[in-house]
Amino acid sequence: MTMRDVAFVMYPDYSTTTLTVVMAFEAANSVTEAPPYELHFVSETGGQIRTCSGMMVESEPFAQTPFHTLFVGGAANPTASTPGLIDYIRNAPRLHRRIVAISTGAFVLAEAGLLDGRNATTHWMHAPRLQAQYPAVKLAQNCIFTRDGPIWTAAGGAAGLDLSLAIIESDLGAGVAKAVARELVIYHRRTGSQSQISTLLELAPKTDRIHAALTYARDNLHKPLSVADLAEAAHLSSRQFSRAFLAETGHSPAKAIEILRVEGARNLMEQSRHSIEVVARLTGFSDRDQMRRAFLRAFGQPPQALRRMARLEATDSVETSVAID
């Protein structure tokens, strides 16, 4: 098995949350007979680098050493980069086969010009600032991760794990990626096009009762889910429930249920081989036409288009790995 050098660029005020991706490559080394990755930590000065949490990380100084994959993590301050760091990243495509930014690491890549004209994402909190500062970036604000040629970006630490699993699958195959996911006790990776914010978080219920009703709905999408059913889950009368639900979420119960159904159906369309009819039935739509109309309202695209995009993303990932290797 080919050994691949993976390097993590460190700099002062570096966010330790982006180091969660290290776990994926450590796990890949533990689940294979011959470790496929050698991990490095590099910085402008070398030596110990203090992260934003106060943890010290030992690093090698920047050099002309080529790496298979170079990770640029985020910082508590998105503008914490230095001229030496930017020069190193600007020259990175000449040295390294794959370049990855996690969270606000996208600002470093953007400042170095690596994201001009490319699809990229960052944490939703910083996305408007990234777009304003670097208008040449094609910002995929709602994606958890993106890949545009050799440049990958992820929205944050958890999304970085999904991206890392995608990279491992691209490098070593689906079997190893699934073994890594099991090692980390997480679901096999989400596709990059999935939303950064889940529907439950977006609806933002303020009380436990409304949250309980939404959780019940999410876990029972295959059922009709009347207002009376949700009110019972919230231990409120139907009238009290409808009034409280609208006040807390800004949506009627019917609209919120449609949002939950669409999110569940999209996940199944992207991650399963179920037919459209089966997906519609599992997520509570009366038929495929009703689901199609809901998808058009939510995404502007039919279910089949989102499934094709997810499959194309997976195919492109494998083809990129072949080209890189």
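The values are calculated or read from the model by the stated rules, or taken from the named source; none is laboratory data. Note that the coordinates shown come from a computational prediction; the quantities given were computed from them, not determined experimentally. Glycine also receives a Cβ, built like all others from the backbone with ideal geometry; neighbour counts cover every protein chain displayed.
How many residues are surrounded by 14 or more Cβ atoms within 10 Å (Cβ to Cβ) and either in a helix (DSSP H, G or I) or of a type in the set (Val, Ile, Thr) (or both) if we restrict to the stretch 223-251? Talk me through it step by step, then tell me what you get.
The first filter runs over the stretch 223-251 and keeps only residues surrounded by 14 or more Cβ atoms within 10 Å (Cβ to Cβ), leaving 225, 227, 229-234, 236, 238, 241-242, 244-246, 248-249, 251.
Then drop every residue that is not either in a helix (DSSP H, G or I) or of a type in the set (Val, Ile, Thr) (or both), which leaves 227, 229-234, 238, 241-242, 244-246, 248-249.
Residues meeting the conditions: 15.
Return a yes/no flag: does the stretch 93-103 have any residue that is over 19 Å from Ala166 (Cα atoms) and of a type in the set (Ser, Thr, Tyr).
Scanning the stretch 93-103, I find no residue that is over 19 Å from Ala166 (Cα atoms) and of a type in the set (Ser, Thr, Tyr), so the answer is no.
Being of a type outside the set (A, V, I, L, M), in the same structural domain as Pro150 (by TED's automatic domain parsing), touching a Cys at 6+ places or on another chain (Cβ under 6 Å) and touching a residue at least 24 places away in the same chain (Cβ under 8 Å) narrows it down to one residue among Ser15, Ser59; which is it? Give the steps one after another, and end with the answer.
Working: Ser59 fails: touching a Cys at 6+ places or on another chain (Cβ under 6 Å).
The match here is Ser15.
Assuming Ala127 fulfils every condition listed in (1) surrounded by 23 or more Cβ atoms within 10 Å (Cβ to Cβ); (2) without any contact (Cβ under 8 Å) to a residue 40 or more places away in the chain apart from one, which condition is it?
Condition (1) is where Ala127 drops out.
Can you name every residue in the stretch 81-101 that is without any contact (Cβ under 8 Å) to a residue 60 or more places away in the chain, of a type in the set (Val, Ile, Thr) and assigned to a helix (DSSP H, G or I)?
Listed by number, the list holds a single entry, Ile86.
Within the stretch 18-52, restricting attention to residues that are within 20 Å of the chain's Cα centre (by Cα) and either small (Gly, Ala, Ser) or not assigned by TED's automatic domain parsing to the domain that holds Glu169 (or both), which residue is farthest from Ala166 (Cα to Cα)? First the steps, then the outcome.
Pass one, the stretch 18-52, residues within 20 Å of the chain's Cα centre (by Cα): 18-28.
From what's left, either small (Gly, Ala, Ser) or not assigned by TED's automatic domain parsing to the domain that holds Glu169 (or both): 24, 27-28.
Values: Ala24: 10, Ala27: 14, Ala28: 12 Å.
Out of the qualifying residues, it is Ala27.
Given the residues Ser272, Ser238, Ser242, which is the only one that is free of Cβ contacts under 8 Å to residues at least 24 places away in the same chain and within 27 Å of Thr121 (Cα to Cα)?
Every option except Ser272 fails the conditions.
Give me the residue from the stretch 252-291 that is in a loop (DSSP other than H, G, I, E, B) and more than 26 Å from the chain's Cα centre (by Cα) and, out of that set, surrounded by the most Cβ atoms within 10 Å (Cβ to Cβ).
First, the residues of the stretch 252-291 that are in a loop (DSSP other than H, G, I, E, B): 252, 272-275, 283-287.
Keeping just the survivors that are more than 26 Å from the chain's Cα centre (by Cα) gives 252, 284-287.
Working: Ser252: 13, Gly284: 21, Phe285: 25, Ser286: 10, Asp287: 11.
Top of the filtered list is Phe285.
For the stretch 12-54, how many residues are hydroxyl-bearing (Ser, Thr, Tyr) and modelled with pLDDT of 90 or more?
Looking only at that region, the number is 5.
I'd like the residue in the stretch 151-184 that is outside any helix (DSSP H, G or I) and within 17 Å of the chain's Cα centre (by Cα) and, out of all such residues, is modelled with the lowest pLDDT.
Gly156
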